[in-house]
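Let me begin by presenting the structure, written as structure tokens, before commenting on it.
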Amino acid sequence: MSLRTRLALIFALGSGALVTVAGLAFVWQLHTSLSAALDSELRVRATALAAQLATGSLPTFPPASSNQAGGHAGQSPAAEQISQVLRPGRGPLYSSGLEGAAPLLSPAQLRRAATGPLTVTTVIHGERLRLLASEVRFRRQPAITVVAVPTDVADTALARARLALVIAAPLAVLTAGLGGWLLTGAALHPVARMRRRLEEITARDTGARLPVPGTGDEIAALAVTMNGLLDRLQQALARQRAFTADAGHELRTPLTALKAELELAARPGRSRDALAAAVGAAASDTDRLIRLAEDLLLLAGTDEGTASLVRERTDISSELHAAARRFATAAAGREVAISVQANGPLPVSADPGRMRQVLDNLLGNALRHAPPGSTVEMTGRPAPAVRPGGGQRRVVAVEVRDHGPGFPPDFLPQAFGRFQRADRARSRADGGTGLGLAIVASIVRAHGGTAIAGNDPGGGARIRIELPLDSGQ
Ligand SMILES: Nc1ncnc2c1ncn2[C@@H]1O[C@H](COP(=O)(O)OP(=O)(O)O)[C@@H](O)[C@H]1O
Ligand SMILES: [Mg+2]
């Protein structure tokens, strides 16, 4: 069932129930107050009748005394008002306002009236009457006075009220249902428009946005939120596409070289040495492909947060010394010295394998750019830092600095971007893919840290990474 139908139904049923309950309460209230009015009139008349009876000013029959002739029934001053005086077990003592003198009460009702005032509604000669019977004493004998009023006026008023209710309730249901239907239709109209627009937006048409109604209401807010979502999706899609294109490019270069080497090796009449050289070149291209594939996998994993970090308490101080040892031979080959300044333990909660990869990437870059005879300096120390959400926290700051040319200043903003290289040709010749710093940033971010690339005022590149200090709690 659509939201619109549901709301219209709720409106209809709700107002139907409301009108019915209010109407019934009104009819009940009307009924009680009309009865109360009749009853109070009856009580006044019953008192008057009892007084008349007591003073003997009532033409009773059979004659109360021998000198009073009977046959005065219906001749009393209040002839139009129905009243009787009855005696249990005997004929009426007095009757007015009625043709004939049939008692208004049955013997059973008479007996009940003898125990206390009795109010009943009966039909006499086709007319509904409300009766009040009360016990009085007449010449030391018990007698019952009965006064009656027709209920026709009250009955008509009640019948009108009921009729009004019977007509009003369905009308209210219909009006509320229709009103609800029209109102929700109008309210949901922009939603329907937004849905149609969303259906039109495809993966190609990523620039499309939803129309934002100028109403400033919840639906406008929803449209704004949806447009924000579309923006982010579009950016993510663009990044993904660029990444795929770049990855394809990067894969193509070593694959083309590999193919050329294999074709060369397959030529007839190749010497054994030439073959060995071709296979060696092919193997190094394959190595590069494997490294590239591994880098891509790692980046994809950290992007989606699926790269499982096996975190443990890791001492960055000893990791820095270990990295220096790993690169000792390579550094010696380039006549570059590596110095490490990290005294005392620097504990962080990190995946040691990933930390090694970060340090290797940074040290590899520094060595590649450091001129012979220079020193690559690695430092590690605890430092205060501003928390991402505000406030202070303790971090371990690691810096890797070389004395090479440094980053070209205009390259700095994208230094951590994927496949970004300041000197593409040279870097590729060195076996670089432009993913090293991107991986550094990605791993550091996954550990809740930050990475900054810059140049030292004294010359040379300086990369600083900060990782939350593991205080051991
Ligand atoms: N220590 C450094 N000195 C100068 N430039 C650097 C240094 N480290 C990195 N770069 C520049 O940043 C680029 C990106 O580095 P990186 O992501 O490690 O990719 P790759 O090393 O594969 O080229 C490099 O191509 C280089 O131009
Ligand atoms: Mg690198």
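Some observations on this one:
- Among the residues of segment 142-165, some residue qualifies, meaning at least one is farther than 21 Å from residue 34 by Cβ and open to solvent by 20 Å² or more (accessible area, probe 1.4 Å).
- Candidate set: segment 316-335, residues that are open to solvent by less than 50 Å² (accessible area, probe 1.4 Å) and either basic (Lys, Arg) or in contact (Cβ under 8 Å) with a residue 60 or more places away in the chain (or both); chosen: the one nearest to ligand 2 (Cβ to nearest atom): 320
- Every listed requirement among (1) more than 12 Å from ligand 1 (Cβ to nearest atom); (2) at pLDDT below 95 is met by residue 357 save one, (1).
- The set of residues from segment 258-273 being touching a Lys or Arg at 6+ places or on another chain (Cβ under 9 Å) and small (Gly, Ala, Ser) is empty.
- Residue 189 meets each of the listed conditions (1) over 16 Å from residue 2 (Cβ atoms); (2) exposed (fewer than 14 other Cβ atoms within 10 Å of the Cβ); (3) at pLDDT 85 or above; (4) not small (Gly, Ala, Ser) apart from (1).
- Contact map, segment 248-270: first residue modelled with pLDDT under 90, second residue open to solvent by 60 Å² or more (accessible area, probe 1.4 Å) and in a loop (DSSP other than H, G, I, E, B), Cβ cut-off under 8 Å, separation 6 or more or different chains; pairs are 264/270.
- In segment 377-388, the residues that are acidic (Asp, Glu) reach residues that are part of a strand (DSSP E or B) with C-beta atoms within less than 6 angstrom, at least six apart or across chains, in these pairs: 377/339; 377/401.
- Criterion applied to 239, 288, 252, 232 was being among the basic types (Lys, Arg), in a helix (DSSP H, G or I), under 52 Å from the mean Cα position of the chain (by Cα) and surrounded by 15 or more Cβ atoms within 10 Å (Cβ to Cβ), and the one residue passing it is 288.
- Failed condition for residue 106, given (1) loosely packed, with under 13 Cβ neighbours inside 10 Å; (2) touching a Gly at 6+ places or on another chain (Cβ under 9 Å): (2)
- Boolean, residue 116 is in the same structural domain as residue 89 (by TED's automatic domain parsing), of a type in the set (Gly, Ala, Ser) and farther than 23 Å from residue 25 by Cβ: yes
- Checking the stated criteria, residue 267 turns out not to satisfy the condition of being of a type in the set (Lys, Arg) and under 25 Å from residue 359 (Cβ atoms).
- Scanning segment 362-381 for residues that are within 11 Å of ligand 1 (Cβ to nearest atom) and open to solvent by less than 40 Å² (accessible area, probe 1.4 Å) yields a count of 7.
- Residue list for segment 257-285, restricted to those being assigned to a helix (DSSP H, G or I) and charged (D, E, K, R): 259, 261, 263, 272, 273, 285
- Residue 448 in the same structural domain as residue 334 (by TED's automatic domain parsing) and either open to solvent by less than 40 Å² (accessible area, probe 1.4 Å) or in contact with a Cys (Cβ under 8 Å, 6 or more places away or on another chain) (or both): yes
- Count - residues of segment 291-315 that are open to solvent by 50 Å² or more (accessible area, probe 1.4 Å) and closer than 16 Å to residue 436 by Cβ: 3
- Residue within segment 409-432 that is within 12 Å of ligand 1 (Cβ to nearest atom), open to solvent by less than 60 Å² (accessible area, probe 1.4 Å), of a type outside the set (Ser, Thr, Tyr) and over 25 Å from residue 245 (Cα atoms) present: no
- Selection within segment 302-346: residues that are in contact with a Ser or Thr (Cβ under 8 Å, 6 or more places away or on another chain) and modelled with pLDDT under 90. The member of this set that is nearest to residue 362 (Cα to Cα) is 302.
The values are calculated or read from the model by the stated rules, or taken from the named source; none is laboratory data. Keep in mind the model is a prediction, meaning the values are calculated, not measured. Backbone-built Cβ (ideal geometry, glycine too); neighbour counts: all protein chains shown. Protein only, heavy atoms only, side chains kept; ligands, DNA and RNA dropped before computing areas. Shrake-Rupley method; radii C 1.70, N 1.55, O 1.52, S 1.80 Å.
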